[in-house]
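Scroll down for the structure; my scribbles are underneath it.
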Amino acid sequence: MAALTATHTAFISVGANLGDKLDNCLKGIAAVTKGDVARLIAVSRFYRTSPVDYADQDWFVNAVFKIHTRLEPAALLDHLMAIQRRMGRKAGGIRFGPRVLDLDILLYDDRVMKTADLEIPHPRMHKRAFVLQPICDIDPSVVHPVLGRAMADLLAALDDAGQKIFPLADQPALTTDRLP
């Protein structure tokens, strides 16, 4: 891979609950880090997670991965949305509903921003076990730039027994040369 310039650090969540969920997540990570726009730094464990906000759907597979990227936030969002479309995700549909692939920017350096299309940090990340646990797998000391609290503290304070999260029994051994 070519060397990245003007490198930023981003944490991205990946999830799917349609088709081959784990494979969709792996293909999503591979697509994000293909080429010279992003380099994979770390990947959390993969989890089987109950749906949140819209319960009448199949459980998800979720993880978080950390990248270094030269893309600014809006361009990174465009990159993620293009990958989702290529993987078969359709526009519209049920909010928080079923999806073949979901890629969300959680954190981007320590940036705080809000536009019509993008909010960083992700506005619901501190309320989601399926986001906080995987981030803690990578680095529990990462600080939420708005709340000023470490991810481990946010996870420990999470009080939502309705969110079920279980590590997948067979964890893929991920390195940049092992992605699909």
Hits in region 49-69 - residues which are at pLDDT below 95 and out of contact with any helix residue (DSSP H, G or I) (no Cβ under 6 Å at 6 or more places or on another chain): SER50, PRO51, VAL52, ASP53, TYR54, ALA55, ASP56, GLN57, ASP58, TRP59, PHE60
Filter result (modelled with pLDDT of 95 or more and either assigned to a helix (DSSP H, G or I) or on the phi > 0 side of the Ramachandran plot (or both)) within region 127-149: VAL131, LEU132, GLN133, PRO134, ILE135, CYS136, ASP137, ILE138, GLY148
Region 150-165, residues that are farther than 15 Å from ARG124 by Cβ, in contact with a strand residue (DSSP E or B) (Cβ under 8 Å, 6 or more places away or on another chain) and in a loop (DSSP other than H, G, I, E, B): LYS164
Residue that is surrounded by the fewest Cβ atoms within 10 Å (Cβ to Cβ) [pool: residues in region 58-76 that are in contact with an Asp or Glu (Cβ under 8 Å, 6 or more places away or on another chain) and charged (D, E, K, R)]: ARG70
Answer residue from region 149-164, given it is free of Cβ contacts under 8 Å to residues at least 24 places away in the same chain and among the acidic types (Asp, Glu) and is farthest from GLN133 (Cα to Cα) among those: ASP159
Residues within region 89-124 that are modelled with pLDDT under 95 and under 21 Å from CYS25 (Cβ atoms), tallied: 14
Residue under evaluation ARG86, criteria (1) at pLDDT 95 or above; (2) out of contact with any Gly (no Cβ under 6 Å at 6 or more places or on another chain), criterion not met: (1)
Failed item in (1) farther than 20 Å from MET151 by Cβ; (2) modelled with pLDDT of 95 or more, with PHE46 passing the rest: (1)
Residue pairs meeting the criteria (Cβ under 7 Å; at least 6 apart or on separate chains; first under 19 Å from PRO51 (Cα atoms), in region 82-100; second charged (D, E, K, R) and at pLDDT below 75): PHE96/ASP53; ARG99/ARG89; VAL100/ARG89
Filtered residues of region 150-180 (kept if at pLDDT below 95 and either closer than 15 Å to LYS66 by Cβ or among the aromatic types (Phe, Trp, Tyr) (or both)): PHE166, LEU174, THR175, THR176, LEU179
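The values are calculated or read from the model by the stated rules, or taken from the named source; none is laboratory data. Only a predicted model underlies this, so the values are computations on that prediction, with no experimental measurement involved. Backbone-built Cβ (ideal geometry, glycine too); neighbour counts: all protein chains shown.
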